[in-house]
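Scroll down for the structure; my scribbles are underneath it.
Derivation of every value follows stated rules applied to the coordinates shown; laboratory data play no part. Just so we're clear, the structure is a prediction, and the values are computed from it rather than from any experiment. Cβ: placed from backbone, ideal geometry, glycine included. Neighbour counts: every protein chain shown.
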Amino acid sequence: MSLLAGKTGVVFGVANKRSIAWAIAQSWAKEGAKLAFTYQGERLKENVEELVGTFGADTLLMPCDVTRDEDIANVFKTVGEKFGKLDLLLHSVAFAPKDALEGKFVNTSREAYRIAHDISAYSLVALARGAAPLMTDGGSIVAMSYYGAEKVVPHYNVMGVAKASLEASTRYLAYDLGPQKIRVNCISAGPVQTLAARGISGFGEMFKHYEAHAPLKRSCTTDELGATGVFLASEGAASITGQVIYVDGGYQIMGM
Ligand code: NAD
Ligand code: 0WE
């Protein structure tokens with residue numbers, strides 16, 4: 001059964017094979033979607049080229065630093081030219097300066113706060129605005145969030161505040177774009193061992209915490225995130241918009 005046959009999509013946030021974006025892209029492609037990809041900068045170009053090549057040598061791949069309006073404009077211009085219309089968009093992008101994730105939240109600098117919100121939250125608004133004119137048959141926009149948006153997770157700090165902004169932006173975008181049949185949702189994932197998670201001290205402890213406290217006694221796999229990504233992109237989610245769906249072993253329901 002090809003749930004996404006005939007659909008086109010653009011994916012933001014592949015850095016390597018462990019990236020959540022890569023898992024969701026593979027699941028979308030397996031269901032028949034034709035995808036375009038972007039990469040953050042020259043540093044990641046080769047890596048992403050190699051991965052994306054597995055979908056065929058003609059797969060559309062473009063640079064896009066989401067802090068640059070001209071990069072974003074170029075992506076949607078090119079996607080418009082190559083695909084004609086767009087159905088799916090994955091936002092799987094986040095960044096805060098490392099020191100902001102180490103010390104106390106109260107010490108967050110104005111610059112670290114600005115950067116975290118620009119890259120991790122405002123970018124969803126800019127990408128949705130670029131995509132909407134191409135989503136002429138409606139569409140599905142999916143963004144990645146985390147529990148630190150709603151409860152304090154020590155050291156997640158300014159990223160938690162930026163994810164709260166991402167989730168609120170999802171609701172306002174869902175309202176604005178609903179009349180065009182464009183749906184906007186978040187997947188709130190439990191911890192996953194990716195590039196963005198590596199180098200965060202105590203990340204191993206987080207898995208132990210989920211094994212001890214989540215109803216399913218674990219976090220989530222990237223395959224499960226892919227499956228939820230397919231659901232949100234598909235007709236099965238035709239009346240779901242503005243929501244945050246938890247793929248976290250059930251952790252979010254717990255009070256203790
Ligand atoms: P990842 O490092 O593979 O992906 C993060 C991506 O953000 C990278 O591809 C990076 O290039 C991109 N990025 C950063 N700054 C950018 C910029 N200025 N312009 C364009 N792209 C930029 O790590 P991941 O864990 O797959 O993260 C993907 C998403 O999932 C993020 O939104 C993250 O917050 C979210 N998330 C991750 C976890 C986890 O435990 N790993 C849990 C819940 C949610
Ligand atoms: O969203 C994230 C992490 C995003 C992230 C990661 C980094 C590491 C490298 C954003 N910016 C940076 N900046 C860097 O310099 N997650 C959901 C994973 C994560 O990160 C944590 C977590 C979890 C979970 C940080 C502290 C506590 C928990």
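For the reader, a short list of remarks on this structure follows.
- Helix 42-52 and the longest principal axis of the Cα set of the chain meet at an angle near 70°.
- Taking other C-beta atoms within 10 Å as the exposure proxy, 62, 254, 135, 159 rank 254, 62, 135, 159 from fewest upward.
- Loop-resident trypsin sites (Lys or Arg not before Pro) (DSSP state other than H, G, I, E or B) in region 86-131 with no more than 13 further Cβ atoms inside 10 Å of their Cβ: 104.
- Anisotropy class of region 123-198 from Cα gyration tensor, a/c 1.5 cut: prolate
- Dipole magnitude for the chain: about 320 debye, using +1 per Lys or Arg Cβ and -1 per Asp or Glu Cβ, origin at the Cα centre.
- Nearest-ten-degree value, helix 203-213 long axis tilted from longest Cα axis of the chain: 80
- Calculated FRET efficiency for the pair residue 205/residue 104, C-beta based, R₀ 25 Å, to 0.05: 0.85
- Overall, the anisotropy analysis places region 94-238 in the oblate class: the square-rooted eigenvalues a ≥ b ≥ c of its C-alpha gyration tensor yield a/c not less than 1.5, with a/b not exceeding b/c.
- Dipole orientation for region 103-223: of the candidates 136, 120, 207, 207 has the Cα lying most toward the positive pole (charges on Cβ; Lys, Arg +1; Asp, Glu -1).
- Listed by chain and number, the aspartates and glutamates whose C-alpha is less than 12 Å from the C-alpha of residue 181, apart from same-chain residues fewer than 8 away, are 87, 137, 235.
- Tilt relative to the chain, helix 69-83 - C-alpha long axis, 0 to 90 degrees, to 10: 40
- Order of 91, 117 under a 10 Å beta carbon neighbour criterion, fewest first: 117, 91
- Net charge dipole, region 1-106: roughly 320 debye, given to the nearest 20, about the Cα centre with Cβ charges of +1 for Lys and Arg and -1 for Asp and Glu.
- Per-residue extension of 0.36 nm, minus the Cα-Cα distance of residue 221 and residue 54, leaves a gain of 58.0 nm for this segment.
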